[in-house]
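First comes the structure, then the notes that go with it.
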Amino acid sequence: MDESKPVSTLLASHFKLSNEQSPSIRQERAYMVKVTYASASGSLMYAMVCTRSDIAHAVEVVLNWITSRWPFKTVGPTFSLKYPGKEFTNKRTHKINLFEPNYEESMKWLDSREIGSVVYVSFGSVASLKEQQMEELAHGLMMSNCYFLWVVRASEENKLPPNFTSMASEKGLVLNWCPQTDVLDHRAVACFMTHCGWNSTLEALSSGVPLIAMPQWVDQTTNSKLIEDEFNVGLRVKADENGLVRREEIEMCIKQVIQGEKGKKLEESAGKWKELAKEAVDKGGSSATNVEDFVSKLLNLNLSLLDGS
């Protein structure tokens, strides 16, 4: 990474960000504007990662100036916040999906599998793998001999090996979309192979599911480092000299996480993050308290304005 420099972020001071990781075309920049994240910290990290490295310091200075005058209230993971007596995500009508999820099919299939036996694979709503990488991933999943639930968007189906869905039917289920938080909370899911989008990362942490990190672009590279080196909840796949993650590497990572001693440590660490997330959103937790404090001050401000009128 010749064209990079150390950047001090709210998370760590040792990351290096490449200029090439920034969105380069109009469509990419337009998409970035519309991306919503599940927590304030995710948004801040995303802003740092997607900012060119030569002006990242300026962004940090601005953030420090803002926080010195108007204190930030950290809230998250917001999808786990509760209404009084009810979890916000209990009802499917409260969930937002970019595509129609195959809820019944995915849940029925998972219900028929043993505890901790399934690899869940999803690369989100935008990331697009090359056809050769899709082929390597397909073979790697089959070589692992583990059950797998693989989300392949309709626009990506043509990249699958010929007749793969039928050939893999005994071990795998391939769907265009599924209810991710429900899948991650399911007892059958052992690990999550992910592109490391911040939403997916937070959802996995909140569900206590170990990760196999396969980042594609922008913030995902930083997120994968956090997953493996900071949060200690996953492994990063290693690409070859051509940037391709080979089937043998995929097979090895899956077996390490599901069957190896390393996997037990990752599962234990993931369980701790799950408890921390639960504590944050439970009554009296940091996120719940910050939300209540914010709403209280907002109501008091409104009352003051009314009294003044």
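Bear in mind these aren't lab numbers, they're just calculated from the coordinates by the rules spelled out. These numbers were taken from a predicted model, which means no experiment stands behind them. Cβ coordinates were reconstructed from backbone atoms using ideal geometry, including for glycine residues, and neighbour counts include every protein chain displayed.
Tabulated data
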item: Residue order, fewest to most beta carbons within 10 Å, for Met143, Met214; result: Met143, Met214
item: Peptides 148-160, 103-115, 197-209, 231-243 ordered by average Cβ neighbours within 10 Å, highest first; result: 197-209, 148-160, 231-243, 103-115
item: Pair Met167, Asn145: separation of 7 Å Cα→Cβ label points (nm); result: 1.9
item: Virtual spin-label span in nm between Ser128 and Phe72, 7 Å along Cα→Cβ; result: 3.3
item: Linear extension gain, Asn176 paired with Ser296, 0.36 nm per residue minus alpha-carbon span; result: 39.0 nm
item: Cβ charges +1 (Lys, Arg) and -1 (Asp, Glu), total dipole of the stretch 99-275, debye; result: 260
item: Proximal lysine pairs, the stretch 99-275, alpha carbons under 13 Å, eight or more residues apart or interchain; result: 4
item: Rh by Kirkwood over Cα pairs, then Stokes-Einstein D for the stretch 99-275 at 1.306 mPa s and 10 °C, µm²/s; result: 100
item: Cβ charges +1 (Lys, Arg) and -1 (Asp, Glu), total dipole of the stretch 167-269, debye; result: 180
